[in-house]
Structure formats: C-alpha cells, structure tokens
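The values are calculated or read from the model by the stated rules, or taken from the named source; none is laboratory data. Just so it is clear, the structure is predicted and the values come from calculations on it, not from any experiment. As a convention, Cβ positions derive from the backbone with ideal geometry for all residues, glycine included, and neighbour counts pool all protein chains shown. Protein only, heavy atoms only, side chains kept; ligands, DNA and RNA dropped before computing areas. Shrake-Rupley method; radii C 1.70, N 1.55, O 1.52, S 1.80 Å.
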Amino acid sequence: MNNIYENYKTYKIITFGCQMNEHDSENISGMLESMGIKEAETPEEANIVVMNTCSVREHADKRFFGMLGQFKKKKEEDPYFIMCVCGCMPQQPRIVKEIKESFGWTDIVFGTQTISRFPQLLRKRIETGEKQLSIIENSSEIPEEDNAKRLHKHKALVNITYGCNNFCTYCIVPYTRGREKSRTIAEVTEEVRRLADDGVIEVMLLGQNVNSFRDPSGGDFADLIREINGIPGIRRIRFMTSHPKDISPKLIDCYRDCGKLCHQIHLPVQSGSDRILKRMNRHYDREKYLSIVASLREACPDIAISTDIIVGFPGETEEDFKDTLSLVDQVQYDSAFTFIYSRREGTPAAVFKDQVPEDVKHRRLIELNEHINQSALRKNQKYIGRTEEVLCEGRSSRNDMAWTGRTDDFKLVNFTGGRDTTGQIVKVKITDAKTFSLDGTLA
Ligand code: 5AD
Ligand code: SF4
C-alpha cells in the first residue's frame, strides 16, 4: 500500500531568537515525535524543515529571507520535502506577503499563537498537497503545554505568560506575540511536578515580563515561586525576563525565603538616561532602577545581575550615552546583552526623526562592551579558589576533554576531571576566570 506518510520520517527545526522561541521549538519537536517523525542530524537530510524565526535581531528580514532562499533548491529536487516557517517573522503581514510573492514554494506558515495547530496543518499539507497558512494576531487562547521534547533531560523551560502589554517604543514583540496572558498557578505547578517526576531538577520560568504574571483566579508571581519552591525534586528555580517596573517587594522577599530560587536575575535596564527611558516608554527612571538593584542586593548579597542595553536609540546624545556608561559602572553587572538600536517597522521609535548615525552607534557599542567586560571579568575573578555547585550539562563545546555547566548564579563553568556527571549537581573548584566563563576542576 502506498502510505504518503512513509515519505516523512525525519524533521529538523532551525531556531532563532529568545528562550521563548527555543521552548516553542521544543513543543514543535514534541508534536512531530508524537507523529512518529524523528529528528535528523542536519536540515539537508530532513524530510520536513521548520524555521522558527525571530524579528528582534538586526537585519532580521534580510537574514531570514537569505536562509529561506537556501531551501529552494532542495524543494525543487525533492517533491516530498516540506518547508515550514513559524515564529515572530510571519506575525508581520508584510513578511507573509513577501513569502507568498517571492518564496511561494514554502509549504506551511504559522505564527506564534497557532503553534498548537501545527500537527493539523502538517496533516492537511501531506494529505491534500495544499499550502497552509495560520496566523492569528491576538489570540486569547492559552496553548496547552505538554509533550515538549526537552533539549536537556534535567532542566526545563516553562512558559508562565505569553505576549506583552508594555509597548516599549523600540520593540516588535507586543505586535508579534500579542497581548499578555498568564497561565494559572495550578497549571504551571502541575507541569513542574510532572517535569520533576521525569527527572528535571532545574526550571526556567519564561515570559516577556514574568513579574506581571497574574493567575486569573488569584495569585501573583511571588506566590507562584513559593509554590514551586515546595515541589519535591526541583532544586533550582530561575526566571526571565523581569521588567524593572513590576518588581515587587514580595518578589524580592522570595530571595530571602525560597531556598531553591537561584541567586541570579536578568533585569534589562535598556538605558541609563532618564530622558531616553521615557522615550522608550519604560515606566521607570534611573533612580528607581538603582533602588531595585540595592534592594535585591540587600535581600541576596551575592546575587548575580545581568541586563540588556540598547545603544543609539533615536535622540540618544553623547550625554545620554555617558549616563548609560555611568549606570553600568555603578551597578557592576555580571554580564549583559548589548544591542545597537535597530528600526522595527511598525513600532513608534521607527518613525522618530532623530535617528542616530550608524558609525556613532557602533562606536558606542564598542565602548559600552568594554565597560561591561571589565565588570564581568572583575566579578568572575572573585570566584577563583572557591568551590561552586555546578549543574553539569555535558561535554563542553569548546573543549572535548572538559565538561560544562552552570552555577546557581548562572555562571558558565568549564571543568575537567571525573566521569560523566551530566544532569547532576557537582562540586567544582574554580581555578581561572574569563570574561564570559569560569574554568575549574571537579572537587
Ligand atoms: N533594537 C535593538 N535592540 C532591541 N531589543 C528589542 N528590540 C530592539 C530593537 N528594535 C533588545 C532589548 C530587549 C532584548 C531582548 O532585545 O534590549 O531587552
Ligand atoms: Fe518588548 Fe518591552 Fe515587552 Fe520586553 S517589555 S517584550 S522590550 S515591549
């Protein structure tokens, strides 16, 4: 008998962007695996390729279309091959238009809010041969989360909110991921219990702004952390991302009270200038941000703090940029993601008149990175000679002889010695510090 599904044995997902996308890809993997389709080593070998896209990064459109174009040949050579595009890119109507006009051979296009329909779309495409498109701009639906195929056995990403209501003036996310929706505490804790039963010891709670999590039937983000802190088997709780405007004293107290809450926070500041923060629509000023940092350090003196910063936002003067440098020097971050402002069509800042020239933006980025790297190295050097608990994640990608893992405060550690302890928390003596990582030996 000729079974058309016979032609679909393998898939490959190519993921861009944030942890939200990474987790969406885990969910898509889970769906494909439950259809009996297995992961291929490379996209070239796969019968189905899914590109899970991001629209935050610089030159995102160009890069995306460049990569998609590379699959045209495979599509021409293999009549059964199925090309799918999902994620943030197709949430923008102009991108869907361009896919239809110039990449019309793409088989399935779906958005960030229709992921759960993917198996249905795939079946329809295979059975009818017709192209499938499924995009919703602002669904109130909360996707069901089960069966994700985790990247790691011992640690898991867990969505707690979807979407964003903040409309920072540079950011495309509220347009690509829709309005904010929270899951319930019961749902999230049930998922975490299931994960713990399956061997997970570390959970990363995900949302564009986790601090505004609100269970529709009562309970806030701090209540959620306290609940998860009580789940047997779970040993580490992390979360990202936090919006400074919504950090509550109740959340800060969790750092005192919840033993499993990791001593680490990612707290994007974006700029050190009050004027720019206002134009970014961030709803806090420099003083408020610094007072949150002070309260966090009071509750948890060894807390590691990381951040996101944008240079060259429209209207950013040399004075504004100096304010960012002085804030960075004052806070002494453990690490930071630094970005050159890039215009996102459809966002308010894209039409601000006073765009900063490219060469100025680049110069500022280099200078900012120097300041960040100095404080990161200084922070890391304090670890030399200490023994740290590291959750081993497997072989180091840099060095075949070494293992790699993270400390409680999210420092990346490459270490030698011993047997394979992947998935376990082991003691590592730190012997050397670099800007982005620590070296050590199994204690
Ligand atoms: N240009 C530069 N950086 C941006 N980010 C978001 N949008 C833009 C943009 N248009 C950065 C912010 C955010 C991080 C995920 O990406 O710093 O916190
Ligand atoms: Fe974008 Fe601001 Fe929402 Fe973060 S909080 S996703 S930067 S709009």
In region 346-375, anything acidic (Asp, Glu) and loosely packed, with under 13 Cβ neighbours inside 10 Å is listed as 354, 358, 359, 370
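For residue 314, are the conditions met, namely being under 24 Å from the mean Cα position of the chain (by Cα) and not aliphatic (A, V, I, L, M)?
Details: under 24 Å from the mean Cα position of the chain (by Cα): no; not aliphatic (A, V, I, L, M): yes.
No: the conditions fail for residue 314.
Of the residues that make up region 312-324, is at least one part of a loop (DSSP other than H, G, I, E, B) and closer than 19 Å to residue 210 by Cβ? Let's see the steps before the verdict.
Keep residues of region 312-324 that are part of a loop (DSSP other than H, G, I, E, B), which gives 312-317.
Checking which are closer than 19 Å to residue 210 by Cβ leaves us with none.
No, there is no match, as no residue in region 312-324 is part of a loop (DSSP other than H, G, I, E, B) and closer than 19 Å to residue 210 by Cβ.
Does region 342-356 contain at least one residue that is under 28 Å from residue 414 (Cα atoms) and in a loop (DSSP other than H, G, I, E, B)? Can you show your working first?
Taking region 342-356 and keeping what is under 28 Å from residue 414 (Cα atoms), we get none.
No, because not a single residue in region 342-356 is under 28 Å from residue 414 (Cα atoms) and in a loop (DSSP other than H, G, I, E, B).
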Flag for residue 376 being modelled with pLDDT of 95 or more, in a helix (DSSP H, G or I) and under 25 Å from residue 175 (Cα atoms): no
Pull up region 234-247, narrow it to residues that are open to solvent by less than 40 Å² (accessible area, probe 1.4 Å) and away from ligand 1 (no atom under 16 Å from the Cβ), then point me to the one that is farthest from the chain's Cα centre (by Cα). 234
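Restricting attention to region 197-233, and to residues there that are of a type in the set (S, T, N, Q) and within 18 Å of the chain's Cα centre (by Cα), which single residue is most open to solvent (accessible area, probe 1.4 Å)?
Step one: list which residues in region 197-233 are of a type in the set (S, T, N, Q), which gives 208-209, 211-212, 217, 229.
Subset that is within 18 Å of the chain's Cα centre (by Cα): 208-209, 211-212.
Numbers: 208: 46, 209: 2, 211: 16, 212: 23 Å².
Per the stated criteria, the residue is 208.
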Just one of 219, 230, 259, 199 is farther than 20 Å from residue 141 by Cβ, without any contact (Cβ under 8 Å) to a residue 24 or more places away in the chain and either out of contact with any strand residue (DSSP E or B) (no Cβ under 7 Å at 6 or more places or on another chain) or not assigned by the TED database to the domain that holds residue 299 (or both); which is it? 230
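Say we look at region 122-142 and pick out the residues that are assigned to a loop (DSSP other than H, G, I, E, B) and modelled with pLDDT of 75 or more; which of these is surrounded by the fewest Cβ atoms within 10 Å (Cβ to Cβ)? Spell out how you get there, then give the answer.
Residues of region 122-142 assigned to a loop (DSSP other than H, G, I, E, B): 129-131, 135-142.
The next check asks that each one be modelled with pLDDT of 75 or more; those that pass are 129-131, 135-137.
Numbers: 129: 10, 130: 8, 131: 15, 135: 17, 136: 15, 137: 12.
Filtering first and then ranking leaves 130.
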Among (1) assigned to a helix (DSSP H, G or I); (2) touching a helix residue (DSSP H, G or I) at 6+ places or on another chain (Cβ under 9 Å), where does residue 278 come up short? (2)
Output the number of residues of region 30-88 satisfying the condition of being within 16 Å of residue 109 (Cβ to Cβ), more than 23 Å from the chain's Cα centre (by Cα) and aromatic (Phe, Trp, Tyr). 2
Among the residues of region 376-393, which ones are exposed (fewer than 14 other Cβ atoms within 10 Å of the Cβ) and within 26 Å of residue 203 (Cβ to Cβ)? 386, 387
Read through the list (1) open to solvent by 50 Å² or more (accessible area, probe 1.4 Å); (2) not assigned by the TED database to the domain that holds residue 313, then give the number of the only condition that residue 421 fails. (1)
Under 8 Å by Cβ, and 6 or more places apart or on different chains, what pairs join a residue from region 58-84 that is open to solvent by 50 Å² or more (accessible area, probe 1.4 Å) with one that is among the basic types (Lys, Arg) and within 16 Å of ligand 2 (Cβ to nearest atom)? 63/57
Condition test on residue 172, is it of a type in the set (A, V, I, L, M), under 20 Å from the mean Cα position of the chain (by Cα) and open to solvent by 50 Å² or more (accessible area, probe 1.4 Å)? no
So which pairs qualify, if the first residue must be in region 151-174 and within 22 Å of residue 284 (Cα to Cα) and outside any strand (DSSP E or B), the second must be open to solvent by less than 20 Å² (accessible area, probe 1.4 Å) and away from ligand 1 (no atom under 16 Å from the Cβ), the Cβ gap must be under 7 Å, and the two must be at least 6 apart or on different chains? 163/178
Of the residues in region 287-313, those that are closer than 17 Å to residue 378 by Cα and open to solvent by 10 Å² or more (accessible area, probe 1.4 Å) come to 301, 302, 306
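Condition test on residue 259, is it crowded, with 16+ Cβ neighbours inside 10 Å and either modelled with pLDDT of 95 or more or among the β-branched types (Val, Ile, Thr) (or both)? Spell out the reasoning first.
Details: crowded, with 16+ Cβ neighbours inside 10 Å: no; either modelled with pLDDT of 95 or more or among the β-branched types (Val, Ile, Thr) (or both): yes.
In short, no.
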Report yes if some residue within region 271-283 is within 28 Å of residue 185 (Cα to Cα) and either touching a strand residue (DSSP E or B) at 6+ places or on another chain (Cβ under 9 Å) or within 16 Å of ligand 1 (Cβ to nearest atom) (or both); otherwise report no. yes
Residue 326 is checked against (1) within 16 Å of ligand 2 (Cβ to nearest atom); (2) open to solvent by 40 Å² or more (accessible area, probe 1.4 Å); (3) of a type in the set (Gly, Ala, Ser) and fails just one. What number does that condition carry? (1)
In contact (Cβ under 8 Å) with a residue 12 or more places away in the chain, in a helix (DSSP H, G or I) and touching a Ser or Thr at 6+ places or on another chain (Cβ under 8 Å) - does that describe any residue in region 380-390? yes
Quick check on this structure: which one of 335, 396 is over 26 Å from residue 258 (Cβ atoms) and surrounded by 14 or more Cβ atoms within 10 Å (Cβ to Cβ)? 396
